[in-house]
2 protein chains.
Amino acid sequence: MRTEKKKRATKRRSGPPPTAKKLAIRRENVARILEAAEAVFATRGFSGATTAEIAERAGIPKPNLHYYFRTKQALYRAVLDDILTLWLDATSSIVAEAEPKAALRAYIEAKMAYSRTRPFASKVFANELLHGAPAVKGFLGGAMRRLVDDKAKVIEGWIAAGRLQPIDPHHLFFVLWAATQTYADFDAQITAVLGKRSLGEADFAQAAETVSALVLRGLGLKA
Amino acid sequence: MRTEKKKRATKRRSGPPPTAKKLAIRRENVARILEAAEAVFATRGFSGATTAEIAERAGIPKPNLHYYFRTKQALYRAVLDDILTLWLDATSSIVAEAEPKAALRAYIEAKMAYSRTRPFASKVFANELLHGAPAVKGFLGGAMRRLVDDKAKVIEGWIAAGRLQPIDPHHLFFVLWAATQTYADFDAQITAVLGKRSLGEADFAQAAETVSALVLRGLGLKA
DNA sequence: GTCTATAGCGCGATAGAC
DNA sequence: GTCTATCGCGCTATAGAC
């Protein structure tokens with residue numbers, strides 16, 4: 001998944017080429033840049049983001065950013081890579097052996113927690129999808145599609161066993177993604193309509209409760 | 001709501017200042033520009049969009065675009081204005097006198113139809129929200145908030161009358177918006193996961209059916 | 001009202017001293 | 001490995017001939 005694979009451009013020396021100390025500095029700087037970039041890409045979009053703002057937010061001079069990531073595109077790809085990994089991990093509760101009600105509730109809560117704790121990641125991904133997914137089309141049609149097909153099979157198994165009301169499992173996933181990610185992606189709308197300055201723990205708890213209630217009862221898993 | 005209010009910059013003459021013919025040309029050109037701009041802002045975002053591409057898509061020379069809309073910002077505002085009007089109209093089925101099940105089904109179908117027929121409008125709005133809604137904050141906290149509060153009262157009335165399972169009406173709306181708009185905004189993801197080139201009538205019908213079934217049963221409105 | 005030609009500038013990227 | 005100084009492109013916007 002990793003896109004960035006730094007090629008050493010400097011003259012080689014004998015012995016262990018990068019000292020432990022330099023490696024630590026590099027790791028620290030790369031982490032700071034990725035974090036800053038996620039925030040800036042989230043709020044400005046790819047075209048609206050400037051490398052100057054990212055560098056400033058990361059607390060490093062602009063040319064150093066270009067030293068670690070040669071182009072803005074490369075940096076963007078690296079940010080997306082991190083996000084895609086997150087995304088795949090969230091589905092882990094959906095397995096055939098699980099109890100449907102608990103598994104779906106856990107999935108909703110995991111996705112909602114991700115919206116709460118990693119809103120920038122959600123927004124960068126949303127922005128990428130919104131503009132036609134030029135950088136992640138391969139991933140969507142590949143790894144993600146296979147994973148979703150797998151999980152859909154699990155749901156179909158539950159339906160066949162009469163443990164769930166019949167439903168199209170793919171569309172069920174689309175609704176779950178939308179309903180949970182909307183609290184990160186479109187928080188500007190939600191806070192404005194609720195008349196709040198920002199969303200807190202309580203709002204996310206209420207949101208998770210509402211989505212769970214609707215979906216679980218909608219699938220016949222609740223009185 | 002109209003942001004644009006053209007100020008005549010040319011020398012005035014006696015008689016009816018703009019002839020009927022010129023007015024028609026203006027109307028035609030403005031409409032072409034707005035349509036093109038909606039598409040380009042949807043696919044590229046505000047910063048990514050170029051006035052050159054909009055002009056080309058509208059079939060007019062670039063400087064003419066600046067003649068009708070002095071700045072890119074002004075054009076963007078005009079596009080948003082149209083979209084906000086659309087948005088408000090969709091809630092018309094939610095009224096106290098209506099039968100809850102039919103009203104909610106109609107709302108879901110109206111929003112889904114809007115995703116199918118005006119995907120660019122949905123995307124422009126989504127993009128605006130995603131980046132903090134700088135241009136529509138006032139609208140969200142004003143007209144939209146009042147409308148949603150109104151409609152939430154209707155839902156609460158239905159709940160109080162025992163016609164609906166208790167639910168937080170605001171969060172219900174957030175879920176409905178998310179579940180329907182996702183088919184326009186994130187179509188890149190949906191088509192990739194479904195392995196299709198694009199979404200057709202049948203896909204939107206299936207989507208509306210899934211959302212309706214989940215939500216209506218989730219609210220206790222269906223066996 | 002139309003369009004060519006260009007001004008002006010913000011931004012990504014890099015050269016080159018340290 | 002760091003950072004100042006700068007290049008050059010691509011964009012918005014406009015001047016001015018038609």
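The values are calculated or read from the model by the stated rules, or taken from the named source; none is laboratory data. Remember, it's a predicted structure, so these values are computed and weren't measured experimentally. Neighbour counts run over all protein chains shown; Cβ positions are idealised from the backbone, glycine included.
Some notes on this structure:
- Of residues in segment A:63-103 being charged (D, E, K, R) and part of a helix (DSSP H, G or I), the one farthest from DNA strand C (Cβ to nearest atom): A:Lys101
- When the test is whether a residue is among the charged types (D, E, K, R), at the interface with another protein chain (Cβ under 7 Å from one of its Cβ atoms), crowded, with 19+ Cβ neighbours inside 10 Å and within 26 Å of B:Val193 (Cα to Cα), A:Asp168 does not pass it.
- Identity of the residue in segment B:16-40, more than 24 Å from A:Glu128 (Cβ to Cβ), in contact (Cβ under 8 Å) with a residue 24 or more places away in the chain and more than 9 Å from DNA strand C (Cβ to nearest atom), that ends up surrounded by the most Cβ atoms within 10 Å (Cβ to Cβ): B:Ile33
- Selection over segment B:178-195 of residues that are part of a helix (DSSP H, G or I) and facing chain A (nearest Cβ under 7 Å) gives a count of 10.
- Hits in segment A:135-157 (condition: in contact with an Asp or Glu (Cβ under 8 Å, 6 or more places away or on another chain) and either buried (at least 20 other Cβ atoms within 10 Å of the Cβ) or within 10 Å of another protein chain (Cβ to nearest Cβ) (or both)): A:Val136
- Among the residues of segment A:162-176, those identified as part of a helix (DSSP H, G or I) and out of contact with any Phe, Trp or Tyr (no Cβ under 8 Å at 6 or more places or on another chain) are A:Pro169, A:His170, A:His171, A:Leu172, A:Phe173, A:Val175.
- Unmet criterion (only one of (1) more than 25 Å from A:Gln189 (Cβ to Cβ); (2) aliphatic (A, V, I, L, M); (3) at pLDDT 95 or above; (4) not in a helix (DSSP H, G or I)) for B:Ile60: (3)
- Taking segment A:21-43 as the range and being more than 16 Å from DNA strand D (Cβ to nearest atom) and not hydrophobic (A, V, I, L, M, F, W, C) as the test, the residues that pass are A:Glu35, A:Glu38, A:Thr43.
- Restricting segment A:196-219 to residues that are outside any helix (DSSP H, G or I) and crowded, with 18+ Cβ neighbours inside 10 Å, the residue that is farthest from the other protein chains (Cβ to nearest Cβ) is A:Leu199.
Listed here are the residues, each with its yes/no results for (1) touching a Ser or Thr at 6+ places or on another chain (Cβ under 9 Å); (2) among the hydrophobic types (A, V, I, L, M, F, W, C); (3) more than 19 Å from A:Ile167 (Cα to Cα).
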residue: B:Asp149; (1), (2), (3): no, no, yes
residue: B:Lys153; (1), (2), (3): no, no, yes
residue: B:Ile159; (1), (2), (3): no, yes, yes
residue: B:Leu164; (1), (2), (3): no, yes, yes
residue: B:His171; (1), (2), (3): yes, no, yes
residue: B:Ala178; (1), (2), (3): yes, yes, no
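- Checking the stated criteria, A:Leu129 turns out to be farther than 18 Å from B:Leu172 by Cβ, at the interface with chain B (Cβ under 7 Å from one of its Cβ atoms) and under 18 Å from the mean Cα position of the chain (by Cα).
- When residues of segment B:69-82 are limited to those that are crowded, with 19+ Cβ neighbours inside 10 Å and within 14 Å of another protein chain (Cβ to nearest Cβ), the one farthest from DNA strand D (Cβ to nearest atom): B:Leu80
- Single residue of segment B:41-57 satisfying the filter (assigned to a helix (DSSP H, G or I) and within 11 Å of another protein chain (Cβ to nearest Cβ)) that is farthest from DNA strand C (Cβ to nearest atom): B:Ala42
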